[in-house]
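The values are calculated or read from the model by the stated rules, or taken from the named source; none is laboratory data. If you're wondering where the values come from, they're calculated on a predicted model, not measured in any experiment. Glycine gets a Cβ as well: all are built from the backbone with ideal geometry, and neighbour counts include every protein chain shown.
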Amino acid sequence: MSAGRRDSLFTGLFTPPFVLAVVLLGASALLAGPFARSLKFKQAKLPIALRAPLSALRVDALSPYRVVDRTILTPEVVDALGTDRYVSWLLEDTSLSNDDPLRLVSLFVTYYSGGRDLVPHTPDVCYLGSGYEPAQGHENLTVEVASLKPTFASVPVRVCTFVQTAVFDRRKRTVVYTFHCNGRFTATRNGVRVSINNPRNTYAYFSKVEISFPKATRTESVEGAAKIFDRVLPVLMEDHWPDFEAAEARAREAADAG
């Protein structure tokens, strides 16, 4: 092969897209290899256990709420949900009158931990497959939860209002939810993903706390969310959710010792 032909082949091969691809592949190999190990990057996360099962949630600590119904999900629903660590309760606020729209509230708490690709289930998607459609735009807000101060001045929540798609039944339902992920609250799936994919963390978990008032408007639901979160969230933090910072500290000590 002549020198001119070789030069022509190399010139055609080393185009800007080809060079960029080679650089990116090299960088990926570096990040996945010695450089990643030197920075102690963690990819697949280890599971971290609850301090106590969610089913052991102390009802007496939720006063003035009392449990009027406990739903046991079918194996098919549990499989679709991706976890068997949950509580699905109907609560009654005994401090309110029988006709108050905030007297009855559905509480749904789920917990996930470990793995590589944890994908949060959210009402934004799940309700669409259950005979509902959005009644208005979803929004992210914050609610004041006095019992969590000063650790958390406020809690970010996501508010979704749906309407049933049945021709003769157009009832609306508002869902308010938040995630507790790796020791912090966030209102969005992306917030969860960013936290659990932190390359320096050994562990990962998130728990979704979802509430809805069957008879309340959107505005009423947001107001009611602050009250029930004031009762439920401290119990979950103290009795159930793991101490993420302590677990990570132990993991760092073990890695340094090793």
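Condition first: without any contact (Cβ under 8 Å) to a residue 40 or more places away in the chain, of a type in the set (D, E, K, R) and closer than 23 Å to LYS172 by Cβ. Now tell me which residues in the stretch 65-102 satisfy that.
Across the stretch 65-102, the qualifying residues are ASP69, GLU92, ASP99, ASP100.
Here are some conditions: (1) in contact (Cβ under 8 Å) with a residue 12 or more places away in the chain; (2) surrounded by fewer than 21 Cβ atoms within 10 Å (Cβ to Cβ). CYS160 meets all but one. Which one does it not meet?
CYS160 satisfies all of (1) in contact (Cβ under 8 Å) with a residue 12 or more places away in the chain; (2) surrounded by fewer than 21 Cβ atoms within 10 Å (Cβ to Cβ) except (2).
Within the set of pairs 6+ apart or on separate chains, which have a first residue in the stretch 123-143 that is more than 14 Å from VAL176 (Cα to Cα), a second that is surrounded by fewer than 14 Cβ atoms within 10 Å (Cβ to Cβ), and C-beta atoms under 7 Å apart?
Correct list of pairs: GLY131/THR165; GLY131/ALA166; TYR132/THR165; GLU133/THR165.
When you scan the stretch 181-258 for helices (runs of 4 or more DSSP H) that lie fully inside it, which ones turn up with 2 or more residues that are assigned by TED's automatic domain parsing to the domain that holds TYR65, touching a residue at least 24 places away in the same chain (Cβ under 8 Å) and under 25 Å from TYR65 (Cβ atoms)? First the steps, then the outcome.
Working: elements: 189-196, 218-235, 244-257.
Output list reads 218-235.
Quick check on the stretch 168-191. Is at least one of its residues surrounded by fewer than 23 Cβ atoms within 10 Å (Cβ to Cβ), among the hydroxyl-bearing types (Ser, Thr, Tyr) and more than 20 Å from VAL109 (Cα to Cα)?
No: the stretch 168-191 contains no residue that is surrounded by fewer than 23 Cβ atoms within 10 Å (Cβ to Cβ), among the hydroxyl-bearing types (Ser, Thr, Tyr) and more than 20 Å from VAL109 (Cα to Cα).
Taking into account only those residues within the stretch 49-104 that are more than 24 Å from the chain's Cα centre (by Cα), more than 17 Å from GLU238 (Cα to Cα) and among the hydroxyl-bearing types (Ser, Thr, Tyr), which is surrounded by the most Cβ atoms within 10 Å (Cβ to Cβ)?
TYR65
From PRO120, PRO150, which residue is exposed (fewer than 13 other Cβ atoms within 10 Å of the Cβ) and either among the small types (Gly, Ala, Ser) or part of a loop (DSSP other than H, G, I, E, B) (or both)?
Working: PRO120 fails: exposed (fewer than 13 other Cβ atoms within 10 Å of the Cβ).
Checking each option against the conditions leaves just PRO150.
Going through the stretch 144-189 one residue at a time, which ones are among the β-branched types (Val, Ile, Thr) and more than 17 Å from the chain's Cα centre (by Cα)?
Narrowing the stretch 144-189 to residues among the β-branched types (Val, Ile, Thr): 145, 151, 155, 157, 159, 161, 163, 165, 167, 174-176, 178, 186, 188.
Matches in the stretch 144-189: VAL145, THR151, THR161, VAL163, THR165, VAL167, THR174.
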